[in-house]
Structures are given as structure tokens and as C-alpha cells.
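Let me begin by presenting the structure, written as C-alpha cells, before commenting on it.
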Amino acid sequence: MEGIVVRKDSLCYIVSEITTKKRYECILAGRLKYYKKKDALLDTRVFLQIKVGDHVKFDLNVDKYIINDLFERKNTLVRPDVSNIDLVLLVFSAVEPDFSFLLLDKLLINCKVINSSAALIITKIDLISKSNLDELKEKLNYYESNNLLNKILYIDNNLFDSVQDLDYLINQKIVVLCGQTGVGKSTIINNLGIGLQVTNSISKFLGRGKHTTRNTELFDFLGGYLIDSPGFSAINIYFNSLNDIINTYSDFKKFSDLCKFLDCRHDSSKAYCGVIEAYNNKLILKERYENYLSIIKEKISYDSQGKNFNSAIHLK
């Protein structure tokens, strides 16, 4: 049989059979527990980490269902620890916690790296003034008009009316909800009617939310799967070269083609930069460009120290 791993607890895996969606409790076959590390100089064996979202083969062996094969992954994330994602549904709040363009840009870089599309849900719009909300919408229109986001939805937590808007985004896809603790991911799950999560209030003292989802889990929904995951406190992005970062900025591409130098970093280091000219002419969002400079500066700093680059944002 073939199935999708929808939940894991320690070394036990819950697998949903592809056709019937019936769930089975499985263990991992002994021969799959370890694999030889291909790039190792020595004969090193590494423990196989099965992720939620993995496409596997499993069969009944005596009285236990055993996962005996793992299909090649389309993509994989570390935080949350899932694989084979078709769409990352980013959940941000307008306030409590405040909206972060830096976090948005880092998450979009991650989506680009794993070749996954992204959509954005803004929650708690009932807690922000109309003028501030209009300003936020104007800035976010840049992301949608430049195809950085498939869709942006704004949700009043007291009046959830965006389920129909989510239908076409989630249908027949494996979708992960990704966002800070306290932004309302579990509230969305509750309103969609596909989980029994308990929503906790924001901790005023700590300025952060309390975890409501304890384990990453994948729910059957609209012919596909929707993953809810625990809130995170950091997002890590790894790059081997500066060009790896630059190439994720698709909204810069039409301007970078006008740069005089092929290796232009778009950071004022060289003249005749099409990206800087576009920024000066307000064709590139201010926050977007400033976040770009911050990320490449961090990369350059790590390179100068001979360290592997780990671009991380810690959220408290």
C-alpha cells in the first residue's frame, strides 16, 4: 500500500492510505532505519528521519504495519519539519505580534528555495486602526502584484468569512500553515472545522503566544491535506553563495538585467545598478529592499569569518 505520513510520535508513524484515506499506525522497517551517507568519506550510517508529508510504501507484517520504502521528496522544510509541500500558507497577525516584513521576506526566500508557492493570511485586522491597516495593505499589494504571493487574505478574528477564499488554495494540495506563535493558526484550523485545538491568549508579560499545537499533524481537507504545526521561535536559511540569495529576488530580476555589471550585488557597491535606480524611483518597496540589504550583509559577514551562513530571525 501507499500512503502519506500524517503524524509522527517518537518512532510511531500514522499513515493515511492514498485512496481510502484510512489511517494506519506504522513502524519503520529495520533496513530503513539507517542509510549510508553518500558524501561521507567513511562508511557512515545516518538515522533516517521520516517527516510528516512523506510519501511511503507500507504493508502488514504479522500483526504490525511496517513502512518499507520512502519515495523521493519533492521538497523538505526543517521548521516546521515537513516534506512534499505544494503551498506554504503564511499566517501573520496585524498586531500581537506585530507584522514583520523581515520575517515575511525570509520565509519567502525559503519558499523560493524549496520551489513552493506561497499565500498570506493576515489575522486580527479588527485590532488595528483603519489607517494602519490601509497602509499595510498598500505595502503588501507590492508582493501580490509582483507574484511573490499567490493570494493575500485579511481575516477579522471575530467574523471568519474567508473559508471559500481558501478552498481553491488548498484543494488537492499539501499545504502547511506557517507563522509565529500567537498569530492565530489554531483559530483558523478551528474555524475550518478540521481539528480540536485549544486557542490560548497572547501572554502580555512575555509579549508572545502560548503554544496550542503540540505536534505537527496533517489533516484531510478538500481532497488534499492541511498541515498544522507548532509555532516557531526562529527561521533558519542556509546559502552557499551570495548569488543564491540574490537569485531568490524575482521582483528584482527585470531591474537587475539593466545593471552594467553581471556580478552586481545591488548594494551601492557599484555604479549603474538597475535595482538601486528602481528603488530610488520607488518601483521597489522600501521594506523589501532594506531587508534584502540586511540579509546579504549578514551573509557577507559570515563569509568574512569563514563560517557557514545561517540567516536566522528569533521571535520572542
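Readers should treat all values here as calculations from the given coordinates under stated rules, not as data from a laboratory. Model, not experiment: these values are computed from the prediction. Ideal geometry is used to build each Cβ from the backbone, glycine not excepted, and the neighbour counts take in all protein chains shown.
Share of antiparallel DSSP beta bridges in region 61-128, in percent to the nearest 5?
Antiparallel bridges: around 20 percent, rounded to the nearest 5.
Quick check: net charge around I85, other residues with Cβ under 12 Å of its Cβ, Lys/Arg +1 and Asp/Glu -1?
Charge balance in the 12 Å sphere: +1.
Cross-link list K130/K151; K51/K137; K173/K297: which exceed 29 angstrom alpha carbon to alpha carbon?
Flagged as over cut-off: K51/K137; K173/K297.
Can you tell me which aspartates and glutamates have their Cα less than 14 Å from the Cα of K112? Leave out same-chain residues fewer than eight positions away.
Of all the aspartates and glutamates, those that pass the test against K112 - Cα under 14 Å, at least 8 places apart if same chain - are D86, D244, D251.
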